[in-house]
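These notes concern the structure reproduced below.
The values are calculated or read from the model by the stated rules, or taken from the named source; none is laboratory data. Note that the structure is a prediction, hence the values are computed from the model and not measured. Using ideal geometry, Cβ is built from the backbone for each residue, glycine included, and neighbour counts are taken over all protein chains shown.
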Amino acid sequence: MRFRSKFFYERALKVIPGGVNSPVRACKAVKSEPIFFERGEGAYLIDVDGNRYIDYVCSWGPLILGHAHPEVIAEIYFASKRGTSFGAPTWQEVELAELIKNCFPSIEKLRLVNSGTEATMSAIRLARAYTGRKKIIKFEGCYHGHVDSLLVKAGSGLATFGIPASPGIPEELTSHTLNLPFNNFEAVKKTFESYGKEIAGVIVEPVPGNMGVVLPKEGFLEFLREITQKYETLLIFDEVITGFRLGISGAQGKYGIFPDLTCLGKIIGGGLPVGAYGGKEEIMNLVAPEGPVYQAGTLSGNPIAVSAGLATLKELLKPGVYEKLEIISQQLEEGLKEVLKSLRLSYKVNRAGSMLTLFFTEREVVDFETALGCDAEKFAIFWQKMLKEGIYLPPSQFEAWFLSLAHREEEVEKTIKAVYKVLREII
Ligand code: HOZ
């Protein structure tokens, strides 16, 4: 039972819109009420009623080491003893910037911000300033935070709640946004043929995780790289989710395609609010105070958040870490596929490294349209029943499940058994 969660939710509804500080966690899409959590331990979450769940949300990606990793907690503790914020430079932020630069060959210089949204918003401003152009190409179902000009046919909460575009955003602000289907070579080609030299940048999640996990078709990222170079447009990879998740150099390292600008967040803050955008020095030198493109933040480079990020990245640099993550993730994927096969279900599992989605559809999911073809009603029932089995999945069909280094064979086996039990009940 979740009496205390209910109690807090009722209080929250009176003071916070929808009772939550970010929409998807309200669990409305799965016809449930939000769960209020007390603490996290490795691969587990414990709610305010004392219920224990295997966690596949992992704070929507940042917690690649699992909850309350001792090294991260120790660094947070020591950093906070030295002071919580100075509004001035610290040596830790230089270390974090150097470490990110060493891991991402396409990043020569970077700026730390407080969230993924700030990173994408700033990268777009910079792309427009650098090229002197206005238009931006984005892809349907990709989500780049709640940046005004990018909240059109976006994934994550907008997909979850079926919101095509948010009110409160004047048309003028989205009139320069060109929305194209992901993985569609032809649509990109035609758009460049029509608008060519008006396009400042193409922003893309190289492996989208916000319409559920969708893999780029072979050659798609390469094609984006080539066409943006041809039209002297900037290619912006939103690696807020994939950065340090798909490998130490993110999706760009995995696919060998290097963008002009990269947006990071989530893992680089080790569970605290951090974002970053970076790229070629020539472009980044336009950022104030070196250049005229304004972007600032009182808490940017916050010493505690940066210390948590540094501790996390240092763990990820240890040998064998990503291999370990791959083994456990593969085990989950294979287990899910076996369950589907034994139940004669042809639902689809898309996986990239330690992020995956079980799509309640028989069609291959390759873009937003095919993702929207899922049986979200059935997913809602599945989610509720999985919760009863002690498994906390993202409360939406259009999100990625995340594994961490704290997930072991034991947790994955328990999950697969629960999936079998629940799917057998509901099909
Ligand atoms: N935008 C995040 C998911 N992709 C967070 C959702 C939430 O916390 O509600």
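Only a single item in (1) within 15 Å of the chain's Cα centre (by Cα); (2) surrounded by 21 or more Cβ atoms within 10 Å (Cβ to Cβ); (3) within 16 Å of residue 100 (Cβ to Cβ) is not met by residue 247, and it is number (2).
For the structure I just gave you, tell me whether residue 270 is touching a residue at least 24 places away in the same chain (Cβ under 8 Å), of a type outside the set (Lys, Arg) and buried (at least 22 other Cβ atoms within 10 Å of the Cβ). Here the answer is yes, as residue 270 does meet what is asked. If we scan the stretch 154-173, do we find a residue that is surrounded by fewer than 21 Cβ atoms within 10 Å (Cβ to Cβ) and in contact with a Pro (Cβ under 8 Å, 6 or more places away or on another chain)? Checked the stretch 154-173: at least one residue is surrounded by fewer than 21 Cβ atoms within 10 Å (Cβ to Cβ) and in contact with a Pro (Cβ under 8 Å, 6 or more places away or on another chain).
With respect to (1) surrounded by 18 or more Cβ atoms within 10 Å (Cβ to Cβ); (2) in a loop (DSSP other than H, G, I, E, B), the lone exception for residue 346 is condition (1).
Condition check for residue 197 on (1) surrounded by 19 or more Cβ atoms within 10 Å (Cβ to Cβ); (2) modelled with pLDDT under 95; (3) not hydroxyl-bearing (Ser, Thr, Tyr): one failure, at (1).
Tell me which residues, restricted to the stretch 258-306, are closer than 22 Å to residue 221 by Cα and in a loop (DSSP other than H, G, I, E, B).
Start the filter on the stretch 258-306 by keeping residues that are closer than 22 Å to residue 221 by Cα, which leaves 258-265, 276-280, 283.
Scanning the stretch 258-306 gives 258, 259, 260, 265, 280.
Residue 264 meets all of the listed conditions (1) surrounded by fewer than 24 Cβ atoms within 10 Å (Cβ to Cβ); (2) within 17 Å of residue 234 (Cα to Cα) but one, namely (1).
Residue-by-condition table, conditions (1) within 20 Å of the chain's Cα centre (by Cα); (2) crowded, with 18+ Cβ neighbours inside 10 Å; (3) hydrophobic (A, V, I, L, M, F, W, C):
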site	(1), (2), (3)
320	no, no, no
323	no, no, no
327	no, no, yes
334	no, no, no
338	no, no, no
354	yes, yes, no
365	yes, yes, yes
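The residue list 405, 387, 356 contains one member that is in a loop (DSSP other than H, G, I, E, B) and either within 16 Å of the ligand (Cβ to nearest atom) or closer than 20 Å to residue 63 by Cβ (or both), which is 405. Within the stretch 92-111, can one find any residue that is within 16 Å of the ligand (Cβ to nearest atom), out of contact with any Lys or Arg (no Cβ under 6 Å at 6 or more places or on another chain) and of a type outside the set (A, V, I, L, M, F, W, C)? Among the residues of the stretch 92-111, not one is within 16 Å of the ligand (Cβ to nearest atom), out of contact with any Lys or Arg (no Cβ under 6 Å at 6 or more places or on another chain) and of a type outside the set (A, V, I, L, M, F, W, C), which makes the answer no.
Output the residue which, of all residues in the stretch 9-57 that are of a type in the set (Asp, Glu) and closer than 20 Å to residue 69 by Cβ, is surrounded by the most Cβ atoms within 10 Å (Cβ to Cβ).
Initial filter on the stretch 9-57 (of a type in the set (Asp, Glu)): 10, 33, 38, 41, 47, 49, 55.
Narrowing the set further to residues that are closer than 20 Å to residue 69 by Cβ leaves 38, 41, 55.
Working: 38: 13, 41: 13, 55: 28.
The extreme case among them is 55.
Of 160, 228, all but one fail to be modelled with pLDDT under 95, over 22 Å from residue 113 (Cα atoms) and among the hydroxyl-bearing types (Ser, Thr, Tyr); the exception is 160. Scanning the stretch 118-153 for residues that are surrounded by fewer than 23 Cβ atoms within 10 Å (Cβ to Cβ) and polar (S, T, N, Q), we see that the one that is farthest from residue 192 (Cα to Cα) is 149.
Filtered by the rule that a residue be touching a helix residue (DSSP H, G or I) at 6+ places or on another chain (Cβ under 8 Å) and either within 16 Å of the ligand (Cβ to nearest atom) or farther than 25 Å from residue 216 by Cα (or both), the stretch 153-173 gives 153, 155, 156, 157, 159, 160, 161, 163, 166, 169, 173.
Based on what the data block shows, is residue 340 in contact (Cβ under 8 Å) with a residue 40 or more places away in the chain, assigned to a helix (DSSP H, G or I) and touching a helix residue (DSSP H, G or I) at 6+ places or on another chain (Cβ under 6 Å)? Let's see the steps before the verdict.
Values: in contact (Cβ under 8 Å) with a residue 40 or more places away in the chain: yes; assigned to a helix (DSSP H, G or I): yes; touching a helix residue (DSSP H, G or I) at 6+ places or on another chain (Cβ under 6 Å): no.
Considered against the rule, which asks whether it is in contact (Cβ under 8 Å) with a residue 40 or more places away in the chain, assigned to a helix (DSSP H, G or I) and touching a helix residue (DSSP H, G or I) at 6+ places or on another chain (Cβ under 6 Å), residue 340 comes out as no.
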